[in-house]
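The values are calculated or read from the model by the stated rules, or taken from the named source; none is laboratory data. The shown structure was predicted, so the numbers you read here are calculated from the model rather than taken from an experiment. For neighbour counting, all protein chains shown are included, and Cβ atoms are generated from backbone atoms with ideal geometry for every residue, glycine included.
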């Protein structure tokens with residue numbers, strides 16, 4: 001997979017914005033490993049206030065629990081980088097916002113923090129439409145911290161665009 005440059009991320013965000021606006025949808029992000037990069041990419045688009053509701057950056061277990069309602073048992077049992085956690089993150093983002101579409105990301109961007117079961121580059125992404133069921137996928141991205149985060153942003157936006165359509 002080639003890594004998207006800033007221009008491609010911008011074009012993807014513009015396309016997503018047009019799709020969201022034409023379908024009267026609004027977006028919320030719940031981000032861990034990307035640190036708000038998805039929300040920044042979306043709000044870099046002029047007029048994004050018409051379709052972007054809010055973004056939440058939740059790095060710590062405590063923030064995931066307090067701001068998005070992730071169950072402490074889920075974090076203890078499965079860890080932050082898991083399907084179970086990302087599904088609770090994306091669902092919590094919709095509960096705690098007025099948005100109609102949500103994306104959540106959690107992963108290991110490195111350079112440290114990886115394990116044999118969850119190496120650096122492991123990222124879970126989930127998408128959900130209000131009233132619908134979450135879709136989640138695990139990715140194994142390559143590269144340094146920035147490359148992993150950039151690929152995560154691209155995959156998150158691509159999934160939102162598919163969900164908006």
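Residues in region 81-91 that are surrounded by fewer than 23 Cβ atoms within 10 Å (Cβ to Cβ) and in contact (Cβ under 8 Å) with a residue 24 or more places away in the chain: 81, 82, 83, 87, 91.
One residue is enough: does region 110-124 have a residue meeting the conditions under 17 Å from residue 29 (Cβ atoms) and surrounded by fewer than 17 Cβ atoms within 10 Å (Cβ to Cβ)?
No, region 110-124 contains no residue that is under 17 Å from residue 29 (Cβ atoms) and surrounded by fewer than 17 Cβ atoms within 10 Å (Cβ to Cβ).
Just one of the numbered conditions (1) at pLDDT 95 or above; (2) within 21 Å of residue 21 (Cα to Cα) is not true of residue 165; which one? Going through the list (1) at pLDDT 95 or above; (2) within 21 Å of residue 21 (Cα to Cα), residue 165 breaks only (1). Residues of region 27-49 that are out of contact with any helix residue (DSSP H, G or I) (no Cβ under 7 Å at 6 or more places or on another chain), part of a loop (DSSP other than H, G, I, E, B) and buried (at least 18 other Cβ atoms within 10 Å of the Cβ): 32 alone. Residue pairs whose Cβ atoms lie under 8 Å apart, sitting 6 or more positions apart in sequence or on different chains, and linking a residue in region 31-55 that is within 13 Å of residue 20 (Cα to Cα) to a partner that is in a strand (DSSP E or B), are 42/27; 42/29; 42/52; 42/55; 51/27; 52/27; 53/27; 53/28.
Looking only at region 5-24, decide whether some residue is in a loop (DSSP other than H, G, I, E, B) and modelled with pLDDT under 95.
Let us first name the residues in region 5-24 that are in a loop (DSSP other than H, G, I, E, B), namely 5, 23-24.
Now drop any that are not modelled with pLDDT under 95, which leaves 5.
Yes; the residues of region 5-24 include at least one that is in a loop (DSSP other than H, G, I, E, B) and modelled with pLDDT under 95.
Filter region 130-149 down to the residues that are within 13 Å of residue 87 (Cα to Cα) and buried (at least 17 other Cβ atoms within 10 Å of the Cβ) and list them by number. Those that are within 13 Å of residue 87 (Cα to Cα) and buried (at least 17 other Cβ atoms within 10 Å of the Cβ): 134, 136.
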